[in-house]
Amino acid sequence: MSSDFEGYEQDFAVLTAEITSKIARVPRLPPDEKKQMVANVEKQLEEARELLEQMDLEVREIPPQSRGMYSNRMRSYKQEMGKLETDFKRSRIAYSDEVRNELLGDAGNSSENQRAHLLENTERLERSSRRLEAGYQIAVETEQIGQEMLENLSHDREKIQRARERLRETDANLGKSSRILTGMLRRIIQNRILLVILGIIVVITILTAITFFVKGH
């Protein structure tokens with residue numbers, strides 16, 4: 001499942017980078033190309049929204065204990081999407097104003113002001129793009145750190161399991177040794193009892209023989 005999410009994530013990153021670049025280019029294009037570029041950006045924004053929906057569905061299927069990191073990334077991507085839509089709306093407003101001015105034949109100071117405003121928006125979009133790229137890099141690094149932590153936890157769990165298995169083997173060996181020692185002690189006691197009985201029999205035999213010998217004389 002996580003591989004599907006990462007695939008959508010990569011597609012979203014590539015798509016938003018293209019959208020950001022195209023939004024920044026809109027003010028500098030000739031009118032005919034601007035119209036085509038605006039339509040293209042609208043289509044790509046719709047594709048980005050669909051990718052976000054797919055990613056959101058994938059996150060909902062993640063177990064709650066592992067969902068936190070993906071939820072944070074989704075919030076970041078949704079904020080990025082909202083920023084793109086806002087920047088695109090501003091670009092479209094600027095584009096509409098420029099088209100209207102061209103149709104009405106506006107020139108002079110109004111055109112210069114509009115051009116300065118468009119350049120300012122372009123610079124703002126470029127700064128936003130750099131911030132988004134930096135944020136994406138941080139998210140990737142955070143994911144790598146999380147994966148390393150999970151691997152370390154997995155190794156620690158394996159070590160604990162091996163230690164438990166060794167303890168079980170030690171307990172089993174101790175139990176076996178205890179049974180062997182108990183059996184040896186039992187045999188030693190039995191042998192001593194037999195020796196005592198044999199000693200008593202020998203003493204009785206000797207005393208009996210002495211008695212018969214004395215009576216015979």
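Quick notes on this structure:
- Taking other residues whose beta carbon is less than 13 angstrom from the beta carbon of residue 128, and scoring Lys, Arg as +1 and Asp, Glu as -1, yields -1.
- Whole-Hz couplings from phi, Karplus 6.51/-1.76/1.60, listed for the stretch 186-191; x for Gly and Pro: 4, 5, 4, 5, 4, 5
- Charge tally in the Cβ shell below 12 Å around residue 60, where Lys, Arg are +1 and Asp, Glu are -1, residue 60 excluded: -3
- Distance between the pseudo-spin-label points of residue 154 and residue 67 (7 Å out from Cα toward the beta carbon): 2.3 nm.
- Rounded accessible area per residue of the chain, 1.4 Å, Å²: 72 Å²
- Placing one equal scatterer on every Cα of the chain and applying the Debye formula, the log10 ratio I(q)/I(0) at q = 0.08, 0.09, 0.10, 0.16 Å⁻¹ is -0.56, -0.63, -0.69, -1.09.
The values are calculated or read from the model by the stated rules, or taken from the named source; none is laboratory data. This structure is a prediction, so every number in the text was calculated from the model and none was measured. Positions of Cβ are backbone-derived with ideal geometry, glycine not excepted, and every protein chain shown enters the neighbour counts. What goes into the accessible areas is simple: the full protein's heavy atoms, side chains included, and nothing from ligands, DNA or RNA. Shrake-Rupley method; radii C 1.70, N 1.55, O 1.52, S 1.80 Å.
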